[in-house]
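Reviewing the structure listed below.
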Amino acid sequence: MRIGITCYPTYGGSGAVATELGLELARRGHEIHFVSYASPFRLRGFAERVTFHEVTQLEYPLFEQSSPYALALAVKQHEVAKREQLDLMHVHYAIPHAATAWLAKQMLEDEGLDLKIVTTLHGTDITLVGQDPSYYTLTKFSIEKSDAVTAVSAYLREETYRAFGCGQCDVRVIPNFISSADYHPATDDSFRRRLAPAGHRVLVHVSNFRPVKRVGDVVKIFAGVRRKLPATLVLVGDGPDRDGAEHEVDTLGLRKDVRFLGKVENVGDVLRGADLFLLPSATESFGLAALEAMACAVPVVASAAGGIPEVVEDGLTGYLAPVGDVTAMAERALRVLEHPDEQARLKRAAAAHALEFSADKVVPRYEALYEEVLA
Ligand code: GMT
């Protein structure tokens, strides 16, 4: 198949999933065309059967700060679909990608061409941004006009039905996946030694540091752990709440035991040095970062919110606690870190459970959906 993929290229789960999906599909023989304003952050180097098409925009004084990116994207999606004879356009994150794909489809229809649209809903496009009155009607419209819609968890599917109704849409759940080439358990202690002094337990958090991630809670949970045992907290990623988190670290006197790494490409190498992963988000449609940790045999302490319980099984692959309950999360973290047998049990179960979300199991479900849409 000839497949177009549009996603946000920036550091974030939806762009990561879209890019890994494109690369996996290309390995399976499909021709993949990424269309976005920049090359997705996980699309490094050359890959056979993969092409990136950059959306370029005219700068014009009249636009000031309202440069109409969505229109330029629709034009590029139309252009690429026509020139490369795409069978379908798979868009990740509904806003504005599903709407621009629909515009491209209309233009192609006028030229006697049929472009199918598959939309994957990832999270805040439904739970937050899409429900804002400024986007609601168009989000609902573009979901309903897609030829197929997927959600990354059952929670997100139910939230889509609840918030948008979507009388005629059949939202399928296809979970996120991980590639075992990048995310697999450590075979020795070398990654841990690079992250922390000998004798320290290593706690890791990876996110885009948006308010929904509650990075301040990560620091508070760590403070609770640090009071009881030697430990290092490693924070990966960057975003609006980084400064606040840095401030919290100083206020709590934790500076010498906390490392902010910023954005790193090889997150797997950091996770392989971890004893525990923290994800205390206010909500997550899925929690890809938790799955990546589990694939590296790292148990997770997270909030029991959104789709997280579909990924992290409470008491089996980690522990869940109510959003904001940093005392309970610190207590559960210590339960793992102070008991080697308990930690070993959780590590084994986390790695085994993550295999259920391997690319080999999940990507064929997208291929089957594409075939159904094109039939
Ligand atoms: O929704 C966001 O904040 C951004 C989005 C992204 O593009 O990074 O994250 C969502 O998609 C990920 C991949 O499907 C999920 O693993 C995240 O749970 C989800 N984030 C939220 O629901 C907050």
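The values are calculated or read from the model by the stated rules, or taken from the named source; none is laboratory data. Owing to the predicted nature of the structure, the values given are computational and were not obtained by experimental measurement. All Cβ positions, glycine included, derive from the backbone under ideal geometry; neighbour counts span all protein chains shown. Ligands, DNA and RNA are stripped out before the accessible areas are found, and what is left, the full protein with its side chains, is counted by its heavy atoms. Shrake-Rupley method; radii C 1.70, N 1.55, O 1.52, S 1.80 Å.
When the range 262-279 is examined, which residues are found to be within 16 Å of the ligand (Cβ to nearest atom) and either among the polar types (S, T, N, Q) or surrounded by 24 or more Cβ atoms within 10 Å (Cβ to Cβ) (or both)?
Matches in the range 262-279: L271, F277, L278, L279.
Please go through the range 298-310 and pick out each residue that is open to solvent by less than 10 Å² (accessible area, probe 1.4 Å) and away from the ligand (no atom under 12 Å from the Cβ).
Scanning the range 298-310 gives V298, P299, V300, V301.
For the condition within 21 Å of the chain's Cα centre (by Cα) and either at pLDDT 95 or above or over 23 Å from D114 (Cα atoms) (or both), what is the one hit in A38, A47?
Matching residue, one of A38, A47: A38.
Quick check on A38: is it open to solvent by less than 60 Å² (accessible area, probe 1.4 Å), under 27 Å from Q106 (Cβ atoms) and part of a loop (DSSP other than H, G, I, E, B)?
So A38 passes the test.
Return yes or no: is K256 part of a helix (DSSP H, G or I), farther than 16 Å from V204 by Cβ and open to solvent by 10 Å² or more (accessible area, probe 1.4 Å)?
yes
Output yes when any residue across the range 153-161 is within 13 Å of the ligand (Cβ to nearest atom), under 17 Å from V35 (Cβ atoms), assigned to a helix (DSSP H, G or I) and open to solvent by 10 Å² or more (accessible area, probe 1.4 Å), and no when none is.
Scanning the range 153-161, I find no residue that is within 13 Å of the ligand (Cβ to nearest atom), under 17 Å from V35 (Cβ atoms), assigned to a helix (DSSP H, G or I) and open to solvent by 10 Å² or more (accessible area, probe 1.4 Å), so the answer is no.
Which ones in the range 215-241 are in contact with a Leu (Cβ under 8 Å, 6 or more places away or on another chain), open to solvent by 20 Å² or more (accessible area, probe 1.4 Å) and under 25 Å from E292 (Cα atoms)?
Result: K220, R226.
If the requirement is being assigned to a helix (DSSP H, G or I), away from the ligand (no atom under 16 Å from the Cβ) and modelled with pLDDT under 95, which of these qualifies: L108, L62, L58, L103?
Exactly one residue qualifies, and that residue is L62.
Out of everything in the range 280-290 that is among the aliphatic types (A, V, I, L, M) and under 19 Å from V202 (Cβ atoms), what residue ends up being most open to solvent (accessible area, probe 1.4 Å)?
Here the answer is A289.
Would you please name the residue that is nearest to the ligand (Cβ to nearest atom), looking only at residues in the range 280-292 that are hydrophobic (A, V, I, L, M, F, W, C) and part of a loop (DSSP other than H, G, I, E, B)?
F286
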